[in-house]
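As structure tokens, the structure follows; a few thoughts come after it.
The values are calculated or read from the model by the stated rules, or taken from the named source; none is laboratory data. From a predicted model like this one, the values you see are computed outputs, not experimental measurements. Here the Cβ is made from the backbone with ideal geometry for all residues, glycine too, and neighbour counts use every protein chain on show.
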Amino acid sequence: MKALQIVTLIVVTVLSSVSNFTITNPGYKIGDIIEDFELKNIDGNMVSLSDYKDAKGFIITFTCNTCPYAKMYEDRIIALDKKYASQGYPVIAIMPNNTKVKPGDSFEEMQKRAKVKGFTFPYLIDADQSVYPKFGATKTPHMYVVEKTKRGNMVQYIGAIDDNYKDASAVSRKYVEEAVDALMAGKEVREKETRAIGCSIKV
């Protein structure tokens, strides 16, 4: 009986530890300062946030070639870069999937997709899948708006691009645009977190 109680106590302790880990380590939260990263761009060059000396912040998207949701949002991501890059908030796209699981997301396929769509922003590969877990990204697409502050690049918004992935013309809330507009106006972001809609990141 005592042995059973000891085993039960061990199991409860382990489960509690796992639960706490899950709760306390989901990735960056609003207000967190993100670590810089250096990832390979489709042009073969390495890119990091520190390369953007004049940036006021960044629109970071975890996206890919193969996810239907990511494809539906491609034109809207391109539009975000065209609208905000010149104002100091460029788009940085990161492909987080395991390419052995998703060959359609290989570096070569990324290059092809970017050329076909005319991407105006870096399209980086998280080849060893070390960056997306730090962000806590789970979907493609998964958006992060970060603001450059004296402390570093601070997370100000996490979630979806807008409230209608099916039809861009039927969107009523443009979450990413609202966040960037607020930051550029020196105001607090009203909607700081929404649920990202997309395909699960493949590991």
Q | Test: Ile59 is part of a strand (DSSP E or B), modelled with pLDDT of 95 or more and farther than 15 Å from Ser106 by Cα | A | yes
**Q.** Options Lys134, Lys148, Lys166: the member that is in contact (Cβ under 8 Å) with a residue 12 or more places away in the chain, within 12 Å of Pro96 (Cα to Cα) and of a type in the set (D, E, K, R)
**A.** Lys134
Q. Taking region 133-154 on its own, how many of its residues are over 11 Å from the mean Cα position of the chain (by Cα) and not in a loop (DSSP other than H, G, I, E, B)?
A. 4
Q: Test each condition in (1) modelled with pLDDT under 50; (2) surrounded by 12 or more Cβ atoms within 10 Å (Cβ to Cβ) for Ile10 and report the one that comes out false.
A: (2)
Q. Which of the residues belonging to region 169-193 are in a loop (DSSP other than H, G, I, E, B), under 15 Å from Val146 (Cα atoms) and free of Cβ contacts under 8 Å to residues at least 60 places away in the same chain?
A. Ala185, Gly186, Lys187, Glu188, Val189, Arg190, Glu191
Q: Please tell me if Tyr165 is over 21 Å from Asn65 (Cα atoms) and hydroxyl-bearing (Ser, Thr, Tyr).
A: no
Q. Identify, please: which residue in region 56-68 is in contact with a Phe, Trp or Tyr (Cβ under 8 Å, 6 or more places away or on another chain) and buried (at least 19 other Cβ atoms within 10 Å of the Cβ) and is, among those, nearest to Lys150 (Cα to Cα)?
A. Gly57
Q.
The conditions are (1) surrounded by fewer than 20 Cβ atoms within 10 Å (Cβ to Cβ); (2) assigned to a loop (DSSP other than H, G, I, E, B), and Asp162 fails exactly one of them. Which is it?
A. (1)
Q: Please verify whether region 135-146 includes one or more residues that are more than 21 Å from Tyr69 (Cα to Cα) and surrounded by 14 or more Cβ atoms within 10 Å (Cβ to Cβ).
A: yes
Q) Does region 37-48 include one or more residues that are modelled with pLDDT of 95 or more and either of a type in the set (Lys, Arg) or part of a helix (DSSP H, G or I) (or both)? A) yes
Q: Scan region 81-117 for residues that are in a helix (DSSP H, G or I) and either β-branched (Val, Ile, Thr) or surrounded by 19 or more Cβ atoms within 10 Å (Cβ to Cβ) (or both) and report the count.
A: 7
